[in-house]
1. Can you say what percent of the DSSP beta bridges in the chain, counting only those with both residues inside, are antiparallel? Round to 5.
2. Can you order the peptides 560-571, 254-265 by their average number of other Cβ atoms within 10 Å per residue, highest first?
3. Round to a whole angstrom and tell me the spacing of the C-alpha centers of the stretch 263-328 and the stretch 42-102.
4. Cβ under 13 Å from Arg508's Cβ, Arg508 left aside: what net charge do those residues give with Lys, Arg +1 and Asp, Glu -1?
5. My understanding is that a pair violates if its Cα-Cα distance is over 19 Å; which of Lys222/Lys345; Lys473/Lys624; Lys34/Lys129; Lys569/Lys636; Lys212/Lys364 do that in this structure?
6. Rounded to the nearest 10 degrees, what's the angle between the helix 536-566 long axis and the longest principal axis of the chain, both from Cα atoms, 0 to 90?
7. Whole angstrom only: what separates the Cα centroid of the stretch 610-653 from the Cα centroid of the stretch 227-245?
8. Summing Lys, Arg as +1 and Asp, Glu as -1, what charge do residues with Cβ under 10 Å from the Cβ of Ser42 carry, Ser42 excluded?
Amino acid sequence: MSADQVYEGPITMTRKGFGFFSVGEDSEDLIIPKEWTNRALSGDLVKVVSAGMYSDPMGRMPPRAAGKVTEIVSRARETFVGTLVEEEGLTFLKPDYKKMYVPLVILDRGDATIGDKVLVRLTSWDADKAYPLGTIEEIIGKAGLHDVEMRALALGQGFSPAFPPGVTAEAKQLETEGRKILEKEVAARIARNPRADFRMVSTCTIDPVDAKDFDDALSVQKLPDGNIEVGVHIADVSFFVKPGTELDKEAITRATSVYLVDRTIPMLPHILSTDLCSLNPNEDRLAVSAVFTLDADANIVDEWFGETVIHSAKRFTYENAQEVLDTGAGTMHTELSTLLALSKKIRAKRAAKGAIEFDTAEVKVELDETGKPIAIRLKERKATNLLIEDFMLLANEAVAKHLSKLTADKGKHFASLYRVHDEPDTDRIENLANLLRVMGYHLETSGAGKVTGAELNRLLEAVKGKPEEYLVKTAALRSMSKAIYTTKNIGHFGLAFEFYTHFTSPIRRYPDLVIHRLVKAHAGGDPITAEEMQAFDKLAIHASEREVAAADAERDSIKMKQVEFLSEKVGEEFDAVISGVSERGLYVEEQTTHADGMIRITDVGDDYFEYDEKHYSLIGKRTKKTFRLGDPIKVKLTATRIAEKELDFVPVP
């Protein structure tokens with residue numbers, strides 16, 4: 001590493017103000033002491049130079065290579081959400097963002113009062129000042145109230161429930177004229193291409209019981225030669241949302257819808273997301289479709305992509321579609337049975353190729369009318385969930401292949417967007433293998449830390465039904481690379497696909513909308529301009545970043561409600577699993593709500609406990625009592641902090 005080389009990239013900050021900076025896969029991250037961070041904040045794009053070795057004055061870590069920030073190129077965040085507090089006569093914002101290691105000074109709090117949750121813009125941080133300055137942009141409300149906290153979570157990740165005036169104006173125009181525009185296009189589309197008319201083909205949607213918008217529908221019919229035609233019909237958002245409109249500009253900015261425990265912050269206004277674009281039952285709707293002719297073994301005999309008109313005859317929930325299949329009778333029983341049989345064969349083919357079957361259950365929080373959590377459970381994955389997933393994956397893969405073939409000649413429409421998933425980092429896989437070894441499981445890896453999907457599937461099968469199943473699945477998931485959007489295809493490791501994209505959810509994801517425009521352009525529709533294609537790389541990065549932000553907001557909303565639910569159970573005992581071990585103590589996962597909490601090292605037991613990093617354990621120096629990762633443990637809840645989304649436990653002797 002050259003002493004005078006300047007590196008540029010994002011910095012990661014800790015709560016204590018230390019920075020870490022990556023200088024490449026083959027080198028350990030540089031540590032950046034607080035006094036050398038140059039007021040950088042987590043995620044900022046910075047320039048860094050090597051600064052020799054750093055030795056921790058407290059001796060808590062061995063000496064390691066250090067860096068120094070010479071310039072902040074751009075801020076990752078300019079706004080922060082938090083609570084107003086007062087100290088020594090000054091008003092501070094105590095940020096909710098845990099990687100924000102300093103409070104912001106608020107010189108003018110206007111109508112806000114101490115204890116309010118507010119949105120603040122960082123305005124400056126002078127070199128001679130200990131704290132940055134901020135100005136209040138929005139008073140969200142009194143901290144601790146359900147609506148205030150949920151709105152704060154969204155705003156904290158840059159998602160505003162309110163649409164800008166220009167978007168609202170275009171949405172109002174669609175409320176007035178949208179129906180007529182839709183009817184006119186239905187007639188025109190069928191006149192242009194009779195193949196587009198699927199209104200007489202048995203079609204349905206299958207979604208969660210609380211779904212408000214319906215992105216996708218399936219049609220199915222038996223052909224004279226015995227083959228089966230399955231249509232994967234996706235809402236044609238691109239007909240209403242045109243490039244350059246205010247609707248489109250805002251959809252790009254948001255890039256995704258956000259699903260908190262009690263509300264959706266949509267990418268598109270409701271007139272589009274739940275009405276004109278939504279594939280509502282008993283309504284003619286515009287779609288962009290991937291239509292497959294499948295033989296009895298679910299092999300693709302033929303496929304077609306293009307604009308269609310559909311008419312969904314039934315809106316199923318996962319539960320009532322499952323009931324039709326289980327009882328062998330009911331609306332569209334024949335069609336659902338046909339789809340189920342094909343989906344099982346599609347899934348088997350995917351598994352044979354090495355697709356990883358994580359099938360991780362999601363936490364579902366039930367709230368009363370005031371937003372108070374009254375029950376927490378794992379969502380049940382039914383056969384109908386898998387059925388829909390199988391056909392959506394089939395369509396996404398086929399569309400990615402279709403566009404790749406059309407762009408292979410680097411001709412008029414050469415760009416496409418892919419959803420890629422790189423092979424896991426070898427160090428992470430070795431760490432996972434070590435962790436699993438401690439828990440009594442073996443993960444076969446090559447000497448270079450490579451792993452196959454088949455090996456991971458064997459592991460997931462081995463833990464099925466065991467107390468540590470959820471923990472092992474989570475650890476395996478964390479060892480994976482992150483799936484991202486890009487114009488450079490490298491395939492999808494987790495799904496074992498050579499080509500993959502997102503085509504099936506344009507109401508809630510902007511990349512899907514781009515893919516629809518590309519499908520239409522190649523079928524003779526509006527061409528994609530050179531300017532739009534040049535923006536694809538930037539769009540892919542932005543969409544990937546917004547996806548992470550949305551996932552963080554969604555996860556935090558669940559965590560907050562888990563802690564709130566358990567806040568009335570302080571003093572009670574619970575079954576848990578040790579989900580993490582560090583020198584600070586034990587991390588545990590309560591087994592009913594799957595809430596995470598901590599047992600501090602001082603509370604582990606009546607002994608001096610030492611951290612055994614190699615074996616993911618805490619070992620009592622005198623008693624030799626050992627707490628290992630993955631061990632079941634009985635715990636008592638001692639404290640809850642709802643705002644911080646934190647739980648404290650102690651072991652039950």
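No value in this document is a laboratory result; all are computed from the given coordinates. Computed from a predicted structure; not experimentally measured. Cβ coordinates were reconstructed from backbone atoms using ideal geometry, including for glycine residues, and neighbour counts include every protein chain displayed.
1. Just about 90 percent of them are antiparallel.
2. Taking the mean over residues of other Cβ atoms within 10 Å, the ranking is 254-265, 560-571.
3. Between the Cα centre of the stretch 263-328 and that of the stretch 42-102, the gap is 47 Å.
4. Charge balance near Arg508 sits at -3.
5. Those over the limit are Lys473/Lys624.
6. On a 0 to 90 degree scale, this one is about 60.
7. 51
8. Cβ neighbours under 10 Å give a net charge of +3.
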